[in-house]
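Trainee: For reference, the structure I am asking about is given below.
The values are calculated or read from the model by the stated rules, or taken from the named source; none is laboratory data. The structure displayed is predicted, hence computed values, not measured ones. Cβ placement follows ideal geometry from the backbone for every residue including glycine, while neighbour counts extend to all protein chains displayed. Heads up: the accessible areas ignore ligands, DNA and RNA and are worked out on the full protein's heavy atoms, side chains in. Shrake-Rupley method; radii C 1.70, N 1.55, O 1.52, S 1.80 Å.
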Amino acid sequence: MTRAARLALAAVGAALVALVIAMVAGGAAFPRIIPGLPDAGPITRWGLPVSKLWMDAAGVVTIGLLLAAATLLPNDKGLLGKTALGYVKAASWSALSWAAAAFAAIVFGAADFFARPVTEVFESNYLTGFATQYSQGISLTLVVLFGVAIALFSRGAITAGAAAGLLVLALATLLPPALTGHSSSSPNHDLATSGLALHLLTLSLWVGGLAVVALHAVRKLPQLEIAAARFSRLALWCYIGVGVSGVFSVLARLTAVSDLWTSAYGVLIVAKIIAFVLLGYVGWWHRQRTLAGLSAGRHGAFARLAGGELLLMSATMGLAVVLSRTAPPPVSLPADRAFDLLGFPMPPPITLGNLASLWWLDLFFAVVAAVLAGLYAAGVIRLMRRGDHWSWGRTSAWFGGVALLIVATQSGVARYAKVMFDVHMVEHMTLSMVVPILLVLGGPVTLALRALKPAAKRGDRGPREWLTTILHSGFVKVVGHPGIATAIFIASTYALYFTPLFESAMEEHLGHIFMTLHFLLSGSLFFWTIIGVDPAPHRLPYVGKLLVLFVTMPFHAFFGIALMMTGTVMASGWYDQLGRTWGGPLLEDQQNGGAIAWGFGEIPTLMVLLAIALQWYQDDERQARRADRKADRAGAGDPELDSYNDYLAKLNRGDSGS
């Protein structure tokens, strides 16, 4: 048996042992069965967690293989090398195993959901009903479909871009099953859902990347030093992400510190915390000792330590599966429909003081704001240390946009936006028409291109090369066309509010995230084509920019007028369930929102006009200076001016002769 096979079997064994111990210690292995009530039986009791462990392991391996092929191993001008191609082909098989595990989870999940033996599930409509009508079954069905798609597309992937696209799809495939479990039923389901999503994404990149790097070391394949160094940098950020998201996930599910030792759920969390600390220590040891030894050819120590770390991670995955099957401590809450829907109590009557003081953490957009601010600050600092200049105006615009993003998504504005349509419209207009203007004026892509270093190996892709590739991709050329960007900016607003999409987005936390993120991205795309200082696939003349602006803004005014004239309440099912007892009628709120949409457009229009005027003036100044420098280098001055002077001289000589 090869060393790679022994390592794989050891990892599987560690995960299964941890799963069995956790199920026995947590009581899930031998639950109390009440006579007379249906029970799925011991096969389902053990089959469901084992199939979920299989599904999680296959998903993590698929992500690790695609991560190694796309980013950890060097490529030649976007083409995958021999080893990377082998990893992509292996990802095809692991993705197929992922889909098979998800199907097994559907079978055992249906038996558990309907409390029927597995044999009865196949003899009736239980299986199809669970897979197509209930959220847990639908999420597993998506994993089956996406897993098969990854398996098929991986067979023909030969470029780093294709591997990166499959990696994004694999990361998205992880989320549906996890987000339909305890996180969706937590009292603070917004925080629990966002925390779990961040936890899964960072953990899967960390564990999957380590698994492939350990396999690479055990098989003694070339370019281990490069792969290990790149993974080490990624692992540090993944470790931080796992720790931060884990803290918020625990806060969302536990009501007291004592729950950590008085409940089975808390004991399992403590076990995960211990494993997390140990993994952090091992990672630190890697960075301090074994990575340095790789350059000297000492691969044995790295392989042994990476293998041990992988075993510990595998055991942690077994704990996580049992944790997902263990009910959190019960929370005693008053019957409050608004709290169930919002994740927080109905706010008091709206005042300026409440808008400014009732802050509420939205973890997703808090992370987005932190990443935007941190990366930009890191780029500016790198330029300053290098002695390069970066405009303070651009820096101020960027951080002003980030500050407005925080206010719109974390302050009382975000709370009241969920219960009042007019406040929601203020949030919408701020995120789609003010924040994007400030962000695109910050020139983040230009800053990144100047701050990032080229790849060490010519033809390879580092962060700078990936950014350049994305800018020149066909997708960016299409969506970055002014006509397409304008159509997305305008049409999406009408499609959202005049269809059932708006109510669906308000009812689900993920839907609300996608809606808010769309406001930000569609606005940034539109204003990038008009006033963006970053490189763009299509450049409009300044007159064309003014024309696009004056054509677009009236559509938002028409949208506001349409809202004011509508006689029915949008998303009435959502607002009626909240039971708000203060404020005006729902239709009046909606009409006020229409008035806000109608009048709000003047603010961004003025900002864009000022930006275009300033850019136009600066462009003329640059062209004039460029012409002067060209004339100075030629040593002949301005040709037109010289010709005119010669003409005057001839006239002067003619007058003198007469």
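Trainee: Quickly run through the stretch 240-256 and pick out the residues that are at pLDDT below 80, more than 12 Å from SER194 (Cβ to Cβ) and of a type in the set (Gly, Ala, Ser).
Mentor: Selection gives GLY246, ALA256.
Trainee: Moving on. Return the residue satisfying two criteria in turn: it lies in the stretch 321-340 and is outside any loop (DSSP other than H, G, I, E, B) and either open to solvent by 30 Å² or more (accessible area, probe 1.4 Å) or at pLDDT 80 or above (or both), and of such residues it is farthest from LEU53 (Cα to Cα).
Mentor: ARG337
Trainee: Assigned to a loop (DSSP other than H, G, I, E, B), out of contact with any Lys or Arg (no Cβ under 9 Å at 6 or more places or on another chain) and buried (at least 16 other Cβ atoms within 10 Å of the Cβ): does that describe ALA536?
Mentor: Answer is yes for this residue.
Trainee: Condition (residue is under 30 Å from ALA197 (Cβ atoms), assigned to a helix (DSSP H, G or I) and β-branched (Val, Ile, Thr)) applied to the stretch 499-513: is it met by at least one residue?
Mentor: yes
Trainee: Checking the structure you have, find out if any residue of the stretch 486-495 is within 20 Å of ARG382 (Cα to Cα) and either hydrophobic (A, V, I, L, M, F, W, C) or open to solvent by less than 40 Å² (accessible area, probe 1.4 Å) (or both).
Mentor: Scanning the stretch 486-495 turns up no residue that is within 20 Å of ARG382 (Cα to Cα) and either hydrophobic (A, V, I, L, M, F, W, C) or open to solvent by less than 40 Å² (accessible area, probe 1.4 Å) (or both).
Trainee: Within the stretch 456-467, work out how many residues are farther than 13 Å from ALA70 by Cα and either part of a helix (DSSP H, G or I) or within 25 Å of the chain's Cα centre (by Cα) (or both).
Mentor: Going through the stretch 456-467 one residue at a time, the tally reaches 2.
Trainee: Would you confirm, using the coordinates I've provided, whether PHE364 is crowded, with 18+ Cβ neighbours inside 10 Å and over 26 Å from the mean Cα position of the chain (by Cα)?
Mentor: no
Trainee: Keeping to the stretch 117-157, report how many residues are under 23 Å from LEU67 (Cβ atoms) and open to solvent by 50 Å² or more (accessible area, probe 1.4 Å).
Mentor: Number satisfying all stated conditions: 8.
Trainee: Looking at the structure I just gave you, is GLU508 acidic (Asp, Glu), closer than 26 Å to PHE339 by Cα and in contact (Cβ under 8 Å) with a residue 24 or more places away in the chain?
Mentor: no
Trainee: While we're looking at this one, here's another question. If ILE34 satisfies all but one of (1) modelled with pLDDT of 75 or more; (2) surrounded by fewer than 13 Cβ atoms within 10 Å (Cβ to Cβ), what's the number of the condition it fails?
Mentor: (1) is the only condition that ILE34 fails.
Trainee: Can you pull out the residues in the stretch 206-241 that are under 19 Å from LYS82 (Cα atoms) and among the polar types (S, T, N, Q)?
Mentor: Within the stretch 206-241, just GLN223 meets the criteria.
Trainee: OK, next. Name the residues in the stretch 67-88 that are open to solvent by less than 10 Å² (accessible area, probe 1.4 Å) and among the small types (Gly, Ala, Ser), would you?
Mentor: ALA68, ALA69, ALA70, GLY78, ALA84 - these are the residues of the stretch 67-88 that are open to solvent by less than 10 Å² (accessible area, probe 1.4 Å) and among the small types (Gly, Ala, Ser).
Trainee: Being out of contact with any strand residue (DSSP E or B) (no Cβ under 6 Å at 6 or more places or on another chain) and either over 24 Å from THR493 (Cβ atoms) or without any contact (Cβ under 8 Å) to a residue 12 or more places away in the chain (or both) is the requirement here; does GLY567 meet it?
Mentor: Judged against the criteria, GLY567 is not a match.
Trainee: Of the residues ALA111, ALA91, ALA105, which single one is assigned to a helix (DSSP H, G or I), open to solvent by less than 40 Å² (accessible area, probe 1.4 Å), touching a Pro at 6+ places or on another chain (Cβ under 8 Å) and farther than 19 Å from PRO176 by Cβ?
Mentor: ALA111
Trainee: When the stretch 434-479 is examined, which residues are found to be modelled with pLDDT of 90 or more and small (Gly, Ala, Ser)?
Mentor: Once the filter is applied, which keeps residues that are modelled with pLDDT of 90 or more and small (Gly, Ala, Ser), the stretch 434-479 yields GLY442, GLY443, ALA448, ALA451.
Trainee: Listed residues ALA557, ALA595; which is part of a helix (DSSP H, G or I) and more than 23 Å from ALA487 (Cβ to Cβ)?
Mentor: ALA595
Trainee: Those residues that are outside any loop (DSSP other than H, G, I, E, B) and surrounded by fewer than 17 Cβ atoms within 10 Å (Cβ to Cβ), I need them from the stretch 349-361; list them, please.
Mentor: Within the stretch 349-361, LEU352, GLY353, ASN354, ALA356, SER357 qualify.
Trainee: Let me confirm something: among GLY318, GLY293, GLY297, GLY308, which residue is surrounded by fewer than 19 Cβ atoms within 10 Å (Cβ to Cβ), at pLDDT 65 or above and either in a loop (DSSP other than H, G, I, E, B) or not aliphatic (A, V, I, L, M) (or both)?
Mentor: GLY308
Trainee: For the stretch 131-243, please list each of the helices (runs of 4 or more DSSP H) lying entirely inside it that holds at least 1 residues being within 26 Å of THR2 (Cβ to Cβ).
Mentor: 135-154, 160-178, 189-218
Trainee: Could you tell me which residue of the stretch 542-595 is nearest to GLU508 (Cα to Cα), considering only residues that are in contact with a Ser or Thr (Cβ under 9 Å, 6 or more places away or on another chain) and open to solvent by 40 Å² or more (accessible area, probe 1.4 Å)?
Mentor: LEU586
Trainee: Turning to a different aspect of this structure: If VAL426 satisfies every condition in (1) open to solvent by 20 Å² or more (accessible area, probe 1.4 Å); (2) farther than 21 Å from LEU342 by Cβ; (3) β-branched (Val, Ile, Thr) but one, which is the exception?
Mentor: Result: VAL426 fails condition (2) only.
Trainee: Now, a different point. Just the residues that are open to solvent by less than 50 Å² (accessible area, probe 1.4 Å), modelled with pLDDT of 90 or more and not aromatic (Phe, Trp, Tyr), please, taken from the stretch 496-523.
Mentor: Of everything in the stretch 496-523, those that are open to solvent by less than 50 Å² (accessible area, probe 1.4 Å), modelled with pLDDT of 90 or more and not aromatic (Phe, Trp, Tyr) turn out to be LEU496, MET515, THR516, LEU517, LEU520, SER522, GLY523.
Trainee: Look at GLY64 and say whether it is closer than 19 Å to LEU200 by Cβ and either over 28 Å from the mean Cα position of the chain (by Cα) or crowded, with 22+ Cβ neighbours inside 10 Å (or both).
Mentor: Considered against the rule, which asks whether it is closer than 19 Å to LEU200 by Cβ and either over 28 Å from the mean Cα position of the chain (by Cα) or crowded, with 22+ Cβ neighbours inside 10 Å (or both), GLY64 comes out as yes.
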